[in-house]
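The values are calculated or read from the model by the stated rules, or taken from the named source; none is laboratory data. Note that the structure is predicted; figures quoted are calculated from it, not measured. Counting neighbours? That spans all protein chains shown, and the Cβs are built from the backbone with ideal geometry, glycine included. When the accessible area is computed, the model is the full protein with side chains, heavy atoms only, and any ligands, DNA or RNA have been set aside. Shrake-Rupley method; radii C 1.70, N 1.55, O 1.52, S 1.80 Å.
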Amino acid sequence: MKSSEIRERFLSFFEKNGHTRIDSSSLVPVNDPTLLFTNAGMNQFKEVFLGLDVRDYNRATTSQRCVRAGGKHNDLENVGYTARHHTFFEMLGNFSFGDYFKEDAIRYAWTFLTEELGLPKDRLWVTVHYEDKEAEDIWLNKMGIDPNRFSRMGDKDNFWMMGDTGPCGPCSEIFYDHGPEVAGGPPGSEGDDLDRYIEIWNLVFMQFDQQPDGSRVNLPKPSVDTGMGLERLSAVLQHVHSNYEIDLFQALIKAAAKVTGASNLEDKSLRVIADHIRSAAFLVVDGVMPSNEGRGYVLRRIIRRAIRHGHKVGQKGVFFYQLVDALVAEMGQPYPELARLAEQVKKVLRQEEEQFAKTLDNGMRLLTEVIEGLEGQVIPGETVFKLYDTYGFPLDLTADIAREHDLIIDEDGFNKSMERQRKLSQESSDFSMKIEQVIDFGSKTEFSGYEVLSDDAVVAALLDG
Ligand code: ATP
Ligand code: MG
Ligand code: MG
Ligand code: MG
């Protein structure tokens, strides 16, 4: 079953069960400064859960585009290392706004997986929050699941929070066992962070609204929020272990091989590129532009990481933007806005790529030399700073390269260099303020030449001298 069919099966199953199908919202949360990017299906319903917004439906179902590359949920460092994490993914969800609660939520999920999709029960594993006796009773006694494939977990895994504040609650999760050929243990045992038992579905029982001071108040009505990764479910249904082996990713990986000239389709770099084209393109579609701060800087970091992986497999020219067509072929139908804005997206990506291409090669040469001559495991802060300042390497980009060599970066040293730079430019801007005052006291027209002395020029002059 192709990913697009699976998405449709999910949405129509819940529609059939009284849920209203709602479009995915933007990756840039509307009216929510507490959230960097949309990271779950429930985000667009936050106000509804809080009782601050009332809709003409109390059950909804969505396939929500999500980005987890910063903020509370950040999977950027997992991409290329696990079988199950992306920076961009689609979360399938069903929601009850004060309508049904635990029992129906559990029944829907179990019915969808085992009857609608026909997954074997002996491949599934269920967890609950250790304090949630109600959910435990429903699973063991009403659904009759095998107690040998059931575990009770703590807050870290089974208490869901969107961010530091907002709706939250205990959850119950469903895992799929990819079999003994894969390393890893069941939830709650050693090795449960490996990829044998992969979490596919999280059922959150929304009961509280977390306040800025950490206290929790009860929501007006207990509600349900669930999230299942479309790519993880596709891997299960397509009988492959890794998300990167599903139809959609294979198409993107082949396209990435073509534009980079890489021949090994198993290469980790191709997976990273295939992942990053999705987050980069969809962020641009949703109005984010590469920049030096906030959301734009996350986008810039994603693009630069992708370009560096292209460079690593031997592509020294611009290539990344060319993947937009392959992405449109895979995802343009469910996301018509992507198809509509494809040319603009290419332009933005290409511009960013051309800019970074100017310094990437030289930066890589410097870093390679430093790594080759390195004694010990730590790349010095000054090098990391120089790469950042002169060659446009974000900190995490250098850290990513370091990790490939089993090295780490000296982050403290980097911060010190950064601070030194900041002080210098502070002093120099005090200095240029003084110049301006001189200009003010003197004849403005005669001294206008000083005005071209930008902060940067002053810093450069100071550093030189
Ligand atoms: P994991 O423990 O594997 O990191 P999670 O507990 O952080 O997942 P949730 O926050 O519970 O994930 O999100 C609900 C569902 O969304 C998960 O069960 C999973 O199917 C999917 N999901 C979460 N993060 C990612 C990701 N980075 N890439 C792909 N799918 C994801
Ligand atoms: Mg996670
Ligand atoms: Mg988890
Ligand atoms: Mg989870």
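Tell me which lysines have Cα within less than 27 Å of Lys358's Cα, excluding those fewer than 8 residues away on the same chain?
Lys254, Lys258, Lys268, Lys312, Lys316, Lys346, Lys347, Lys386, Lys416
Taking Lys133 as the anchor, which lysines have their alpha carbon closer than 20 Å to its alpha carbon, excluding any fewer than eight residues away along the same chain?
Lys102, Lys142, Lys156, Lys221
With a cut-off of at most 14 other beta carbons within 10 Å, and DSSP calling the residue loop, which GluC sites (Glu not before Pro) in the range 160-250 qualify? Please list them.
In loop regions of the range 160-250 (DSSP not H, G, I, E or B), the sparsely surrounded GluC sites (Glu not before Pro) are Glu181, Glu190.
Over the chain, with every protein chain in place, what whole percent of the accessible area is carbon and sulfur at 1.4 Å, could you tell me?
48 percent
Counting only C-alpha contacts under 8 Å and six or more residues apart, can you give the relative contact order of the chain as a whole percent?
Taking the mean separation of contacting Cα pairs over the length of the chain, I get 12 percent.
Which whole-number value in Å² is the accessible area per residue of the chain, probe 1.4 Å?
Accessible surface, normalised per residue, equals 46 Å².
Find out how many positive minus negative residues lie around Glu199, taking Lys and Arg as positive, Asp and Glu as negative, among other residues whose Cβ is under 9 Å from that of Glu199.
Value of the local net charge: 0.
Note down the nm distance, to one decimal, between modelled labels 7 Å out along Cα→Cβ at Arg123 and at Asp146.
It works out to 1.3 nm between the two label points.
Taking the Cα centroid of the range 287-336 and of the range 1-68, what is the distance between the two, rounded to the nearest whole Å?
Cα centroid of the range 287-336 versus Cα centroid of the range 1-68: 25 Å apart.
Once label points are set 7 Å from the Cα along Cα→Cβ at both Thr359 and Glu293, what is their separation, rounded to one decimal in nm?
So the label points at Thr359 and Glu293 sit 1.8 nm apart.
If you average the sequence gap of Cα pairs under 8 Å that are 6 or more apart and divide by the length of the range 97-226, what percent do you get for the contact order?
It rounds to 26 percent for the range 97-226.
Using a 1.4 angstrom probe and counting only protein chains, how large is the accessible area of His178 in Å², to 10?
Accessible area of His178: about 20 Å².
Note down the nm distance, to one decimal, between modelled labels 7 Å out along Cα→Cβ at Ile371 and at Ala251.
3.4 nm
If each DSSP helix of 4+ residues adds -39,500 (n - 2.57) and the sum is divided by the residues in the chain, what number results at 222 nm, nearest 500 deg cm²/dmol?
-14000 deg cm²/dmol
Using protein chains only and a probe of 1.4 angstrom, how many square angstrom of Met228 are accessible, to the nearest 10?
We get 0 Å² for Met228.
Summing +1 for each Lys or Arg and -1 for each Asp or Glu, what net charge is found among the other residues whose Cβ lies under 12 Å from the Cβ of Val236?
Around Val236, the charge tally is -1.
Dimensions of the range 43-135 along principal axes (Cα, Å, largest first)?
Rounded to whole Å, the extents work out to 40, 39, 30 Å.
Net charge near Met162: determine it from the other residues with C-beta under 11 Å of the C-beta of Met162, scoring Lys and Arg +1 and Asp and Glu -1.
Residues near Met162 contribute -2 overall.
For the range 146-291, rounded, prolate or oblate, judged on the Cα gyration tensor with a ≥ b ≥ c (square roots of eigenvalues), a/c < 1.5 rounded, else prolate if a/b > b/c?
Oblate is the answer for the range 146-291, as a/c is 1.5 or above yet b/c matches or exceeds a/b.
Note the per residue figure in Å³ for the convex hull of the C-alpha positions in the range 263-350.
About 90 Å³ per residue, rounded to a whole number.
Counting only protein chains, not ligands or nucleic acids, how are Arg304, Arg340, Arg9, Arg271 ordered by accessible area (probe 1.4 Å), most first?
Descending order: Arg340, Arg9, Arg271, Arg304.
Can you give me the Kirkwood hydrodynamic radius for the range 1-99, using every pair of distinct Cα atoms, in Å to one decimal?
With all distinct Cα pairs of the range 1-99 included, I get 14.5 Å.
Provide the per-residue ³J(HN,Hα) series for the range 302-317, in order, calculated from phi with Karplus coefficients 6.51, -1.76, 1.60 and θ = phi - 60°, each as a whole number of Hz, with x at glycine and proline positions.
Listing the rounded values in order: 5, 4, 5, 5, 4, 4, 5, 5, x, 4, 4, 8, x, 8, 8, x Hz.
Need one value: the accessible area of Phe356 in square angstrom, 1.4 angstrom probe, rounded to the nearest 10.
Solvent-accessible area, nearest 10 Å²: 0 Å².
Over the range 245-307, what is the relative contact order in whole percent, taking alpha-carbon pairs under 8 Å and six or more residues apart?
Relative contact order for the range 245-307 comes out at 25 percent.
In whole angstrom, how long is each semi-axis of the equivalent ellipsoid of the chain, when you take the square root of 5 times every eigenvalue of its Cα gyration tensor and sort them from largest down?
That gives 45, 27, 22 Å for the three semi-axes.
If one puts a single equal scatterer on every Cα of the range 207-326 and applies the Debye formula without solvent, what log₁₀ I(q)/I(0) results at q = 0.10, 0.21 Å⁻¹?
Reported log10 I(q)/I(0), two decimals: -0.45, -1.11.
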